[in-house]
Amino acid sequence: MSVRLGSTAPDFTQESTEGPIHFHEWIGNKWVILFSHPADFTPVCTTELGAVAKLKPELDKRNTKAIALSVDDVKSHKGWVGDIEETQATKVNFPILADADKKVSGLYDMIHPEENASVTVRSVFIIDPNKKIRASITYPPSTGRSFEEIIRVLDSLQLTDSHSVATPADWKDGQDVVISPSIQDPAVLKAKFPKGFKAVKPYLRITPQPNK
Ligand code: BEZ
């Protein structure tokens, strides 16, 4: 099954720290950040799970929930959660999938054998409420992720789903955006972008973020 952008996120049932997860049912009407890490009781992963736990208020604002995964079992995850909570000063407020049989990591192509045949790399999938894969990012085991960047991508996806815009390099929520090249009718431009726009080039039209 493909995990390309636009494809349906593979469904599964797997054990987790919060009991069995039936994935599509668990998604419900939320956006989801599904992210894998190489192993429990490792330093970078410990900081990452702490960082995601602290972002819960930001995720809630975006109708989004997080779910982590590694190929360790539930007993290991539960032991490690204690360390995360102690060292990162937060509660782990999302489930960690226990993918000891590698069922989910196989479905999502999270094991890259040329990197390491036995553990998952740092994969991130952003999945929308229609269960479609909307973004995927892969980091090596030695590089902890910027979850601020993942929130930034989520903001871009949620904005561009509801307005005829795209977000430029290094854009952050609240900054100017670009108008989709497909919008050419002057009446439509006026209706959609009442604050106006600056045409730097015919294909590069900059406008204030429409929902601010
Ligand atoms: C870590 O989480 O610290 C880590 C895991 C695997 C390889 C390198 C670092």
(message) Under 9 Å between Cβ atoms, which residue pairs at least 6 apart in sequence (or on different chains) link something in segment 30-48 that is over 14 Å from Val71 (Cα atoms) and touching a residue at least 24 places away in the same chain (Cβ under 8 Å) with a partner that is of a type outside the set (D, E, K, R) and within 7 Å of the ligand (Cβ to nearest atom)?
(response) Val44/His37; Val44/Pro38; Val44/Pro141; Val44/Ser142; Glu48/His37
(request) Give the residues of segment 74-92 that are surrounded by fewer than 19 Cβ atoms within 10 Å (Cβ to Cβ), within 20 Å of Thr13 (Cα to Cα) and in contact with an Asp or Glu (Cβ under 8 Å, 6 or more places away or on another chain), sorted by residue number. (result) Val74, Ser76
(request) Just give me the residues in segment 25-40 being assigned to a loop (DSSP other than H, G, I, E, B) and crowded, with 18+ Cβ neighbours inside 10 Å, in sequence order. (result) His37, Pro38, Asp40
(message) What are the pairs with Cβ atoms under 8 angstrom where one residue, in segment 106-131, is surrounded by fewer than 18 Cβ atoms within 10 Å (Cβ to Cβ) and the other, located anywhere, is assigned to a loop (DSSP other than H, G, I, E, B) and among the basic types (Lys, Arg)? Sequence gap at least six, or different chains.
(response) Pro129/Lys30
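Each row is one residue, and each column tells you yes or no for (1) surrounded by 18 or more Cβ atoms within 10 Å (Cβ to Cβ); (2) of a type in the set (Ser, Thr, Tyr); (3) within 16 Å of the ligand (Cβ to nearest atom).
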{"residue": "Thr13", "(1), (2), (3)": "no, yes, no"}
{"residue": "Gly19", "(1), (2), (3)": "no, no, no"}
{"residue": "Phe23", "(1), (2), (3)": "yes, no, no"}
{"residue": "Thr42", "(1), (2), (3)": "no, yes, yes"}
{"residue": "Cys45", "(1), (2), (3)": "yes, no, yes"}
{"residue": "Thr64", "(1), (2), (3)": "yes, yes, no"}
{"residue": "Leu69", "(1), (2), (3)": "yes, no, yes"}
(request) Look at segment 154-184 and say how many of its residues are β-branched (Val, Ile, Thr), crowded, with 17+ Cβ neighbours inside 10 Å and free of Cβ contacts under 8 Å to residues at least 40 places away in the same chain. (result) 4
(message) Take the residues in segment 1-35 that are among the polar types (S, T, N, Q) and in contact with a helix residue (DSSP H, G or I) (Cβ under 6 Å, 6 or more places away or on another chain); name whichever of them is nearest to Asp60 (Cα to Cα).
(response) Thr17
(request) Filter the helices (runs of 4 or more DSSP H) completely within segment 58-167 down to those with at least 2 residues that are within 18 Å of Gly28 (Cβ to Cβ). (result) 147-162
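Only the coordinates and a few stated rules stand behind these numbers; no lab work does. From a predicted model like this one, the values you see are computed outputs, not experimental measurements. Cβ atoms come from the backbone with ideal geometry, glycine included; neighbour counts cover every protein chain shown.
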